[in-house]
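Asks: Okay, here's the structure, questions in a sec.
The values are calculated or read from the model by the stated rules, or taken from the named source; none is laboratory data. The model shown is predicted, which means the values in this text are computed figures rather than measured ones. In this analysis, Cβ positions are derived from the backbone assuming ideal geometry, glycine residues included, and neighbour counts consider all displayed protein chains. Calculation scope for accessible area: heavy atoms of the full protein, side chains included, ligands and nucleic acids excluded. Shrake-Rupley method; radii C 1.70, N 1.55, O 1.52, S 1.80 Å.
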Amino acid sequence: MAIEIKAPTFPESVADGTVATWHKQPGDAVKRDELIVDIETDKVVMEVLAEADGVLGEIVKGEGETVLSGELLGTLNEGGAAAPKAAAKDEPQAASQPTEVANPVSEGPKGSDEEPMLSPAARKMAEENGLAPADIAGTGKGGRVTKEDVMNAVEAKKSAPAKAPADAAKPAARPAAVDNSALAEGDRVEKRVPMTRLRARIAERLVDAQSSMAMLTTYNEVNMKPIMDLRSKYKELFEKKHNGVRLGFMSFFVKAATEALKRYPAVNASIDGSDVVYHGYQDIGVAVSSDRGLVVPILRNTEYMSLATIEGTIADFGRKAKDGKLSMEDMTGGTFTISNGGVFGSLLSSPIVNPPQAAILGMHKIQERPMAEKGQVVILPMMYLALSYDHRLIDGKEAVSFLVAIKELLEDPARLLLDI
């Protein structure tokens, strides 16, 4: 019985996806709940699992192809007994082929007429680079040619012509000053890869934000010594009390931003057409760096969250981002965003607002600087803060007052407890 393998149902905010990776190929045995294929959207990578034991049949949508919500990706031939038979049938063929395909690079053109098996993504890459399938050494199961095999063949093709001129073409005639026009093709390597959907979506949203908003940034600085002293004094007790959750700086910024958003609701609002939507809750996005790019999971209802809950949730988001396990629900929504460029060493920057939000807070590197305090010069750990905001909705007075409120709450943490 053939089971249809379909793309997941995408949320309304996601129009389509791209087939990122087929983890199984036609004829491969598949177990129930085993990962078959990854679908990359502009927010997260969604996994498609097998509904039953069986053998993967036809692949309808190859790697790199665009798919819609619920669209057919391939078929799975159900049956626990079918998978071993298919594997057993293929195994002798794989064992009998090495004499013919052990070295396709040298034997392919004059060997048998049977063409090596290529995955859709590998075939597309080979065609783009002018490579014949028979000229590529396959390292996959049964001599299958993978994307990595094609990439290796491309690199070998680029470097091959570079060796001859370097070794044989008049070595003494090269001038002392390097002539770029005389460089061999392999001396200046370039690599072209398609932009991921996440990176493309980030680029699109950033350009849209700058072209559709009246964006402005206001700056201030905060003395981090009170927070640092508080953290140093209680971090061990905090970690012991809250089952290993570490006390960081981000939880203080989230709590301070939450309190400031309550005082200045326009900063927590958004524009919808000709209407202004004021949100009666605080959902704060925290920018997290991942291998796929910058992602912004959402802390929901931060007005009800403790410092420990905030720190634990952020740590969980970080692990999910590293493993590529952030869900669509983790990434959807948000009324305000905090971005911490300071962890990478940024001293000052102007963050870009994430629409439809109206503002974003940028944290930066903590740096000791001489400061005037009560008529004396003292060395204090200072951090620059930046608030970028949509001037169509937020007046300069509100933006500056909002940032000053955050500064005052951080420089005197007791205000967070006393609600003053």
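Asks: In terms of the Cα gyration tensor, with a ≥ b ≥ c the square roots of its eigenvalues, is segment 339-412 rounded because a/c is under 1.5, prolate because a/b exceeds b/c, or oblate?
Replies: In terms of gyration-tensor shape, oblate.
Asks: Probe 1.4 Å, all protein chains in place: accessible area of Phe249 in Å², nearest 10?
Replies: 50
Asks: Which pairs break 27 Å Cα to Cα here: Lys320/Lys397; Lys255/Lys365; Lys225/Lys322; Lys147/Lys325; Lys320/Lys407; Lys325/Lys365?
Replies: Lys320/Lys397; Lys225/Lys322; Lys320/Lys407; Lys325/Lys365
Asks: Dividing the Cα radius of gyration by the Kirkwood radius, what Rg/Rh value follows for segment 193-334?
Replies: Rg/Rh for segment 193-334 comes to 1.00.
Asks: So, counting K/R as plus one and D/E as minus one, what does the shell of residues with Cβ under 15 Å around Lys240 add up to?
Replies: Local net charge: +2.
Asks: Let me ask something additional. Would you tally the net charge around Lys322, using a Cβ to Cβ cut-off of less than 15 Å, leaving Lys322 out, and scoring K and R as +1, D and E as -1?
Replies: Net of charged neighbours comes to 0.
Asks: Is the shape of segment 292-368 best called rounded, prolate or oblate, per the rule: a/c under 1.5 gives rounded, else a/b larger than b/c gives prolate, else oblate, with a ≥ b ≥ c the square roots of the Cα gyration tensor eigenvalues?
Replies: Because its axes are fairly even, with a/c under 1.5, segment 292-368 counts as rounded.
Asks: All other residues with a Cβ under 11 Å from the Cβ of Glu71 taken together, and with Lys, Arg as +1 and Asp, Glu as -1, what is their net charge? Please list the in-between numbers first.
Replies: On the way: positive: Lys6, Lys61; negative: Glu4, Asp16, Glu65.
Its environment carries a net charge of -1.
Asks: What share of all Cα pairs of segment 248-400, in percent, falls into each consecutive 5 Å distance bin?
Replies: 2, 9, 17, 20, 20, 15, 9, 5, 2, 1, 0
Asks: Cα gyration tensor of segment 261-333, axes a ≥ b ≥ c as square roots of the eigenvalues: rounded (a/c below 1.5), prolate (a/b > b/c) or oblate?
Replies: Verdict is oblate for segment 261-333.
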